[in-house]
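Below is one structure, written out as structure tokens; the observations come after it.
The values are calculated or read from the model by the stated rules, or taken from the named source; none is laboratory data. A quick note: this is a predicted structure, and the numbers were derived from the prediction, not measured. Here the Cβ positions follow ideal geometry from the backbone for every residue, glycine too, while neighbour counts run over all protein chains shown.
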Amino acid sequence: MTVEITGVGVDLGGRPVLRGVSAVAREGRWLAVIGPNGAGKSTLLKAVMGLVPFDGVITVGGRPVRGLAPRDRARMLAYAPQSPLLPPDMTVHEYALLGRTPYIPYWGRESARDTEVARAVLDRLDLTGLAARPLERLSGGERQRVVLARALTQQAPVLLLDEPTTALDLGHQQQVLELVDRLRRDDGLTVVSTLHDLTLAAQYADDLLLMSGGEAVAAGAPGEVLTEDLVTRHFGARVSIGAGPAGRPVVHLRRPTT
Amino acid sequence: MTRKGVAFAGAAVALAACMTAGLMVGAAGLPLKGVVLALADRLPFVEAHSGLTPLETGVLFELRLPRVLLGAMVGGLLAVAGAGYQGVFRNPLADPYLLGAAAGAGLTVTLVIVVLGDGVGVPLAAFCGAAGGVLLAYGLGRTATRGGGTATLVLAGVAVTSFLTAIQTFLQQLKVEELQRVYAWILGDVGGGWDQVVMCAPYAVVAAAILLLHGRLLDVLSVGDDEASSLGVRAGRVRLVVLVAASLATAAAVSAGGLIGFVGVVVPHAVRRLAGGSYRVVLPLSLLAGGAFLVGADLIARTVLAPAELPIGVVTAFVGAPFFVTILRATRKVET
């Protein structure tokens, strides 16, 4: 499903956080939202998920999200926040099963099918061995995979991931992004994620959206967005950008010579 | 049997054992066989000769049985209300006592005793006060932070408690001669007889049923409001329904049993340790274990200084306060 964001503005506590942001995440593609701290990346994801009130129009598969009932919206969009709250004594299986919430009536309980979906997702993410383990006893990489499992159990065609690689070491960052990419290709999912590492964003995303000061300042293929001029201007960083694998740009920090 | 199965069986056995002991032990000791047969005799189509004297039968049915039932009901309600508040506020220390319910009830009851000078209006006053105290804390917490931060709500409860207690103390000092009656009520008592049982039961059933049916949704809320919303749950609405049900349970318990502290925080925590953190397990188990805990506490309260009776709130505080500190330490460890 395609996500279309048109002229979106968000005020939080009387302060404009987003102004006139427009962007498109096409069906089956990965859109990475990049930008300096405080640019409004996370807020944009929350607006799409309907967690903050916004001006403008956001549609998913052609339907405006504002008018959707919460349960219908939750069947189209799955969301993983930057620092998810993991109840310490909940087990991995119980947590993954929460992803079935949009399919369970208010007074109801999980069906056999819900349990089966959760089990299959855990199996697919190599988490079956951890199913009975409490969340407090997971490593950082395992936690990230478990959060992903919950989002996948939701079986929504669009995944919204806020900084899925924060606090992970290099190997685990790659592992998580590879996993998302594989799932995207296998299931035809649309992925919208914020990523603070520009080189990683360029490696994995099909399209980049550069945000700065609450506005969308550039969008397009990684090679078009990651130019030395734009990165210097919006991140205030001195960088050189070279060609990496498959012609995707690689960003290097350049130490000022004294 | 699974861990949950063992926990449920254990709680049920503990409740049955505490209630049986509560029926047998007292100034006039009753034999187990007599008690069981006398109870069986009251069942339809059962004829049994208990061998109890008419006096003993009177003690059993007019004093002990209502006392044990009220104890089980009040304990179960306080524990399940505590578990509900903990789910709503995502705070293992949330407790009916802490959220203004106790102070609200204390104030209105003092008001009734001081102004009307008799005990007729006490249950209704306690009910209104408990509900009012929690709603005040809730309202204050909501206006203090947009969207209602969870820590703020608990702090609002503390502020409301201090304020209401101050007014109550002021009223108390105006009429020193009523002091002892007010204190007797504040320290708790489950010896109210069948009247109290009958008055408390309908609220108990409704409140407990609503709370038990929200176990799954409280589990969803435990991952945070944003994620709960992203899962299609209206977090604010669930929170409000559980809050009202927990306050109703608290009000029913407080109006029937007075102010009995720590049950709502000690029992759910012990249950969580034994059977895991899912509210689908914590809520029903708290109901059973809370009943057992309070009937047991009442048993201690009326035997330790026999023939004098200790207020039951003293017993629960004696056990509960050190426990509370333990939980506080454990919680701090998790957070740092």
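Number of residues in segment A:207-258 that are loosely packed, with under 13 Cβ neighbours inside 10 Å, closer than 27 Å to A:Gly28 by Cα and of a type outside the set (Gly, Ala, Ser): the value is 1. Taken together, B:Leu187, B:Leu213, B:Leu274 contain a single residue that is free of Cβ contacts under 8 Å to residues at least 24 places away in the same chain and surrounded by fewer than 21 Cβ atoms within 10 Å (Cβ to Cβ), which is B:Leu213. Number of residues in segment B:301-325 that are assigned to a helix (DSSP H, G or I) and either in contact (Cβ under 8 Å) with a residue 24 or more places away in the chain or under 24 Å from B:Lys4 (Cα atoms) (or both) equals 12. Residues that are of a type outside the set (A, V, I, L, M, F, W, C) and touching a helix residue (DSSP H, G or I) at 6+ places or on another chain (Cβ under 6 Å) within segment A:44-72 comprise A:Gly50, A:Arg71, listed in sequence order. A:Val180 falls short of the stated requirement of being at pLDDT 95 or above and either within 26 Å of A:Ser83 (Cα to Cα) or surrounded by 18 or more Cβ atoms within 10 Å (Cβ to Cβ) (or both).
Note on segment A:228-250: residues that are more than 23 Å from A:Gly38 (Cα to Cα), of a type in the set (Ser, Thr, Tyr) and free of Cβ contacts under 8 Å to residues at least 12 places away in the same chain amount to 0. Within segment A:209-236, the set of residues being hydrophobic (A, V, I, L, M, F, W, C) and closer than 23 Å to A:Leu18 by Cβ comprises A:Leu209, A:Leu210, A:Met211, A:Ala216, A:Val217, A:Ala218, A:Ala219, A:Val225, A:Leu226, A:Leu230, A:Val231, A:Phe235. Please verify whether B:Ala321 is modelled with pLDDT under 85 and over 21 Å from B:Gly191 (Cβ atoms), treating the condition exactly as stated. Yes: the conditions hold for B:Ala321.
Can you confirm whether segment A:20-27 contains a residue that is surrounded by 22 or more Cβ atoms within 10 Å (Cβ to Cβ), closer than 27 Å to A:Asp197 by Cβ and more than 10 Å from every other protein chain (Cβ to nearest Cβ)? Checking segment A:20-27: at least one residue is surrounded by 22 or more Cβ atoms within 10 Å (Cβ to Cβ), closer than 27 Å to A:Asp197 by Cβ and more than 10 Å from every other protein chain (Cβ to nearest Cβ). Give me the residue from segment B:126-154 that is modelled with pLDDT under 80 and hydrophobic (A, V, I, L, M, F, W, C) and, out of that set, surrounded by the fewest Cβ atoms within 10 Å (Cβ to Cβ). Ranking the candidates gives B:Ala151 first.
Helices (runs of 4 or more DSSP H) fully within segment B:213-300 that include at least 2 residues being closer than 24 Å to A:Asp114 by Cβ and within 10 Å of chain A (Cβ to nearest Cβ): B:215-221, B:225-230, B:235-257. Residue pairs whose Cβ atoms lie under 8 Å apart, sitting 6 or more positions apart in sequence or on different chains, and linking a residue in segment A:31-44 that is within 11 Å of A:Leu209 (Cβ to Cβ) to a partner that is of a type in the set (Asp, Glu) and in a loop (DSSP other than H, G, I, E, B), are A:Leu31/A:Asp206. Of B:Leu274, B:Leu288, all but one fail to be of a type in the set (A, V, I, L, M), more than 11 Å from the chain's Cα centre (by Cα) and within 18 Å of B:Gly71 (Cβ to Cβ); the exception is B:Leu288. Going residue by residue through segment A:123-138, is there one that turns out to be within 9 Å of chain B (Cβ to nearest Cβ) and touching a residue at least 24 places away in the same chain (Cβ under 8 Å)? Among the residues of segment A:123-138, at least one is within 9 Å of chain B (Cβ to nearest Cβ) and touching a residue at least 24 places away in the same chain (Cβ under 8 Å), which makes the answer yes.
Scanning segment A:34-51 finds no residues that are under 21 Å from B:Arg237 (Cβ atoms) and more than 9 Å from chain B (Cβ to nearest Cβ). Residues of segment A:61-120 that are closer than 26 Å to A:Leu45 by Cα, of a type outside the set (A, V, I, L, M, F, W, C), within 13 Å of chain B (Cβ to nearest Cβ) and assigned to a helix (DSSP H, G or I): A:Pro70, A:Arg71, A:Asp72, A:Arg73, A:Arg75, A:Glu94, A:Tyr95, A:Gly99, A:Arg100, A:Thr101, A:Pro102, A:Tyr103.
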